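The values are calculated or read from the model by the stated rules, or taken from the named source; none is laboratory data. Keep in mind it's a predicted model, so treat the numbers as computed, not measured. Note that each Cβ is placed from the backbone with ideal geometry, even for glycine, and that neighbours are counted across all protein chains shown. Areas reflect the complete protein model, heavy atoms only, side chains present, ligands, DNA and RNA absent. Shrake-Rupley method; radii C 1.70, N 1.55, O 1.52, S 1.80 Å.
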Amino acid sequence: MTTAYDVLVIGGALPGCSAAYHLLMRDPSQRVAVVERDMSFELAASARSNAMVRVVFSQPENLLMSKYGQRFYSDFSELMDVEGSCPP
């Protein structure tokens, strides 16, 4: 088991998993570890949230990030496909 990593992400809910995913998409040779104490994610804020992706912002940077998130989530099943097994 590898014990040396290039990046250690603390917290594996949406922000943590997103950070790990995007880091690896940017450079697949990185060794990224995600540390999460609740492996079921049952108590994670992301799992309990009723939030949605909104695209109404006044700052251009926030608008761009929101639009990216909207595109990302609309293609989520295809992006997360592992050997023909797509999540719902």
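The residues of the chain present an accessible area of 82 Å² per residue when probed at 1.4 Å with all protein chains retained. Around the Cα centre of the chain, unit charges on the Cβ atoms of Lys, Arg, Asp and Glu (plus for the first two, minus for the last two) sum to a dipole of about 300 debye. Only Cα pairs under 8 Å and 6+ residues apart enter the sum, and on that basis the relative contact order of the chain stands at 21 percent. Applying a DSSP loop filter and a limit of 10 other Cβ atoms within 10 Å to the trypsin sites (Lys or Arg not before Pro) in the stretch 15-48 leaves Arg37.
Short-range pairs are left out: with C-alpha atoms under 8 Å and at least six residues apart, the relative contact order of the stretch 1-49 is 43 percent. What number comes out for the charge environment of Leu79, summing +1 per Lys or Arg and -1 per Asp or Glu over other residues with Cβ under 15 Å away? Taking every other residue near Leu79 into account, the sum is -2. Please compute, over every Cα-Cα pair in the chain, the percentage with a separation greater than 15 angstrom. Of all Cα-Cα pairs in the chain, 71 percent lie more than 15 Å apart. Here the stretch 9-88 exposes an accessible surface that is 60 percent carbon and sulfur, computed with a 1.4 Å probe and the other protein chains kept in place. A straight chain from Ala47 to His22 at 0.36 nm per residue would run longer than the Cα-Cα distance by 7.0 nm.
What net charge do the residues around Ala13 carry, taking every other residue with its C-beta under 14 Å from that of Ala13, with Lys and Arg at +1 and Asp and Glu at -1? Net charge in that neighbourhood comes out at -1. Scanning the chain for chymotrypsin sites (Phe, Trp or Tyr not before Pro) lying in DSSP loops with no more than 16 further Cβ atoms inside 10 Å, the longest uninterrupted stretch between such sites is 6-40. On full extension, the segment bounded by Ser58 and Met80 gains 4.8 nm, given 0.36 nm per residue less the C-alpha separation. When you filter the GluC sites (Glu not before Pro) in the chain for DSSP loop state and at most 10 other Cβ atoms inside 10 Å of their Cβ, you are left with Glu42, Glu83.
Largest first, the residues Leu23, Leu14, Leu79 sort by 1.4 Å accessible area into Leu14, Leu79, Leu23.
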